[in-house]
1. Can you say whether B:ALA356 is part of a helix (DSSP H, G or I), closer than 20 Å to B:ALA557 by Cβ and open to solvent by less than 10 Å² (accessible area, probe 1.4 Å), as far as the supplied structure shows?
2. Name the residue that is nearest to the other protein chains (Cβ to nearest Cβ), counting only residues in the range A:414-423 that are open to solvent by 10 Å² or more (accessible area, probe 1.4 Å) and either in contact (Cβ under 8 Å) with a residue 24 or more places away in the chain or among the charged types (D, E, K, R) (or both).
3. (1) modelled with pLDDT under 90; (2) in a helix (DSSP H, G or I): which one isn't true of B:LEU144, the others all being true?
4. Does any residue in the range B:446-467 that is within 14 Å of chain A (Cβ to nearest Cβ) come within less than 6 Å, Cβ to Cβ, of a residue that is open to solvent by less than 60 Å² (accessible area, probe 1.4 Å) and among the hydroxyl-bearing types (Ser, Thr, Tyr) six or more places away or on a different chain, and which pairs are these?
5. Conditions: (1) open to solvent by less than 50 Å² (accessible area, probe 1.4 Å); (2) within 30 Å of A:TYR279 (Cβ to Cβ). B:GLN506 meets all but one. Number of the miss?
6. Taking the range A:417-438, which residues are in a helix (DSSP H, G or I) and over 20 Å from B:GLN558 (Cα atoms)?
7. Is there any pair linking a residue in the range B:557-578 that is on the phi < 0 side of the Ramachandran plot and β-branched (Val, Ile, Thr) to one that is modelled with pLDDT under 95 and open to solvent by 40 Å² or more (accessible area, probe 1.4 Å), with Cβ under 9 Å and at least six apart or on different chains, and which?
8. Conditions first: (1) more than 14 Å from chain B (Cβ to nearest Cβ); (2) surrounded by 13 or more Cβ atoms within 10 Å (Cβ to Cβ); (3) modelled with pLDDT of 90 or more; (4) assigned to a loop (DSSP other than H, G, I, E, B). A:THR136 passes all but one, so which condition is the exception?
Amino acid sequence: MKLILKEYLASLKERGELDAILPDLLSQLGLNVFSRPARGTRQDGVDVGAFGSLNSGPEKVYLFSIKSGDLTRITWNTDSPQSLRPSLDEIRDAYILNRLPSEYQGKDIVICLCFGGDVQEPVRPALEGYIKQNTTQSVSYEQWNGDKLAALIEDSFLREDLLPSEARSRFRKSLAMLDQPDISYKHFSILMRSLSKTDGLTEAQHLLAIRQIALCLWILFSWARKSGDLEAAYVTAELAMLHAWEIARGYPGKSKTAEAIRSAFTSTHSAYDQISTDYLSSYILPHVDKFHGLSSAVRAANSVDINLKLFDVLSRLAVRGLWHVWQAYTLPVDQAALKQEQFDSADEYAFAIRRMIANNPALLSPIKDDQTIDITIALFLLSQNAGNQLDMEVWLGEIFNRCAFAYTSNGKYPCILRTYGELLDHPTRGDDDYRQEVTAGSILYPAIGFWAAMRSFDALYADIGKFEKQCMKHCNFQFWYPDQDSEERFYTNSDTHGAVVSNVSVNQPKADFLAQIFAEVEGSPHFKDLSAIKYFLWPIVVMACRHHRVPLPIDFFAKPASPPTAPVSPPSP
Amino acid sequence: MDDLKAQLFEAYQRGDFFKGVETARRADVADGGVATALATLHNDGQIDLVACFQGLQKETTAGISFYLNASAFSSALPSLIAPIGQVMDCVAHLCALSAPSGPAGLVLEGFAGFCAKDPARPLESLERIEANWEKYSELLLPALHAGSQIDPDKYYGESIRLLDSGSPDIKRRAAVALGALNAPKTAGVVDAVLSALERAARSEQDESLLASIVRSAVRIRQYDLGQESRAVTLIDQVLATGSEEALHAASELLASRQAGMPNSVRHLLLDHLQQLKSDRLATLGHVDFALSQMLKGPERENAIGFMETYLHAHADLKLKVFDNATHEIAADLKLLGTLLTRWFLHGEHVLREGIANIIGGFHGNWPHIEIDPAEIPVTDHRTLIFLARKAVAYLILAPVVAADILISLMKQTDDDRVLEEIGSLLYDPLLISYPGSVSEHATQQITIQTGKAQATLVAAHKTFQAYLNCLTAIPDTPALYPSDEQREVDWRRNSRMMADSFKNAQKQSVFFNIIHKSVLLYGNRSVYHVRGQDGKNQRVETPMKAHRTSTELPRIAQIDPVGFDYFLYAFKMEPFVK
């Protein structure tokens, strides 16, 4: 395990990675972290500051300057702001004198040189000379290299008594099988389930569990990045986020534990953000403009492979964009520029979605009814900008036309079959019995009808109504809503939950259709009671829908316009 | 000869006569010696051949070839000297024994030869046949035919008499006879025959009789061309009844390509065959053969017209029902180009699909087919683009041919707008669907074509190269690949489908039904030992050879299956708006 950890630490980058995991580690070691990494503000060389006692020794102030990888000539002392020696000088000359919190002044100070790798030999004399020259009675220096960090992490998080052997084994397997993402995911999900099962545990154990989730995700990410395939990292990151929230949602207050848990959740979120951004910017965004680019990159053996992968990627893009929308809404009004920056980022993802659809026609022909979830998430993002109205209309119109054509011509029409083998063979027969069996229910057609009604795509709305009347009388058009069980089950998908309004007809005036749908929304408090909604972390609900294949609650689109605009004491990162 | 006679006689004496005849017949390379020997033995009184064969029973044929014995008897029959009654009994007996699919025809032929040897024999036969119709009905036709070899007019008269006054079965056979007798000697006979046939056509509804009337009318008209229009009218009237047997007779006549059959008769038969029901596959088979012959000559347009009209009226059929005709079309690439142009422009779906199937039958060895400019009345934008879309839609599985059609269309115009549109069809879907074969073909064609066609090809290929470069620039992205489990499921599914289709193919294969199959688990040669005539084992070695076949499927069908179907459907269904 220590080797795994060392590998992981050596691969971490300073920004957002090593400095994200270190505060949790220090907290777990019993230190009080008083300074966390921040961007855009002057740090005077200190990335993390903490106070307390290590190994039962005297209480000291620990000031960390973090660099990634090995310490080399370049990272030791050059003109680069990322060099270690200038940072150490800054700590000595500026931080200790001017910025050290008053309650810690006069305490012994340890300046920790923290890097994920090792000190390279050519640098060692200079480093040791520097330490000798600057060590005083009250200021000492310590090297926190990869070895030390790995040992501390193992002792703090992954000890046998903290992470049972079964869980460690799962974790190792998920790392070993990174080149087969579905298998890696399978092991990781078992690990996640065991970690987030916190019934009857103490707050400290909850805290440990959520930190372990964060740490495992970071480690898996670093290994996946090294292997050049982030697929497993992406899906496990989503899962880790949801399981982390499963723990964090129980700590909305301002207690010390609650703050520590939120900190660990933030660390998981950072990992997710980074994985998601890396995944999309490495594999998807550069190719959305290429005609058939992503479709070809799938290296499919058949059309189903392309179809499944593209709809999956579509909603990954959309979820990323929605996190930017969320970020924009969390920023205070006086940070208009930053707010706009986030909206712009969301628009970039929306634009990428439009380009991806235009260049990959498989996205016009869902084969599974539950791909409605991906479509709806994409529409959720597109609908944030009125400029996307026409694209939404064209896309939905084309989806409907193709579905109707495929259905009438017995092509690959959307069905409720789930397994890959069944989808490959679909349609196995052209008779009415089969067709009615595999289209016995649908969230797709009513969802298109809903968007058409909401957005006044009247011709499309009428077409769906006609299609329903002519071809889909047997099909149960339905909408899903959360219920009283959803809060407990949504994030980890521990069991089925929610309620369905059945036999919703698009073949009626759209006002009646919408009234029927929204009546259920208005009559139910369960969506608003979801913790992720209550604490203004609504993208988690979107992620849960995407990940666990649950329809996006229609409540998101109920009036007044959503997403909610005022955060309610968010346990936000 | 004497040896042969001796052998046969010896066999006769041994009580193994029929086996002896069979053995002699098998060894009788010259095919005649056995018959002569048998006739001699009979005429010399050594063997009563008629009595022998009269005694031949089904049970006694076990282990011997009835066919070889019957054919030997049939060959000997014309030379026999025997009472007519005995011979008739024997022939009727053998006919009954060989029915329904045995060598009765051979025996009856022999009987006709026997009757023709003596003018009294046909007459006497006729009397006996009429007197005992149940027993001798099969002998009527050979008796009349034999008589007509001696005195045709007399036996035409006899046939007419029987047609006018006989029982239904006699009438049927008499009507057949009227088309099978030797040529009459006097001109008036044809008139009388036609009158009799007309009377029968008016009064009778029996299907077989009507069929015989058609056959006989076609045949008899050749003996008096002055009566041709009357015969044609008669045929027209009979076929107009829609009698299926009459139509079948018409199809046979058409397929037999009788020398001297005038176009008026041929056209008449074809016209009436339009009413043929689509489930009459045997009749359609004759029509198909006739059409295939017509396609080779000046009657090509009539054959094509027949197929167009017939398939229009029978939506349940495909062009493939005319299997021989489609082979004929496939064998003549110029004709194929002509029909492709004509049918893609104005034909119905079934014809266009038929063309696609004919071309698909080349299985990758794509022929070079061009459109026929003579079939395009106006080379305007609408017409050329319409043709181009039809070619792309119907020939998407024969992409090189589709590309050739597009290139030949490019050569028909100087209009830049048209050229650009055709070029874009060449790019999408052909080039991007078939980056291998079509790209290679287009590259070759660029060096062959000239002028604007060449420029259009270059532009389309350049666009394609840019598309391809864009795709190849995308690095390997394992994160997007299907999982190993998905690949495994897909592989299993494909293997299952291949195995099923191989089994089905084997079931339908004549070859696999007659051979014994051995499965070799290892190696690539099969060695086995067989005992030769000399009693020694011989080593036989069969080397195994691998047979491979490959099919290029359009990429677009994988990238966008529904869109692909939709575009094919839209292009196929697009009507030509004048």
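The values are calculated or read from the model by the stated rules, or taken from the named source; none is laboratory data. The structure presented is a predicted model; accordingly, all values stated were derived computationally and were not measured. When we count neighbours, we look across all protein chains shown, and the Cβ atoms used for this are built from the backbone with ideal geometry, even at glycine. Each accessible area value is taken on the protein alone, full model and side chains, heavy atoms only, with ligands, DNA and RNA left out. Shrake-Rupley method; radii C 1.70, N 1.55, O 1.52, S 1.80 Å.
1. No.
2. Residue satisfying both the conditions and the ranking: A:TYR420.
3. Going through the list (1) modelled with pLDDT under 90; (2) in a helix (DSSP H, G or I), B:LEU144 breaks only (1).
4. Going by the 6 Å Cβ cut-off, the qualifying pairs are B:THR463/B:TYR427; B:PHE464/B:TYR427.
5. It fails just one condition, (2).
6. Once the filter is applied, which keeps residues that are in a helix (DSSP H, G or I) and over 20 Å from B:GLN558 (Cα atoms), the range A:417-438 yields A:ASP432, A:ASP433, A:TYR434, A:ARG435, A:GLN436, A:GLU437, A:VAL438.
7. B:VAL562/A:SER409; B:VAL562/A:LYS412; B:VAL577/B:ARG382
8. The number of the failed condition is (2).
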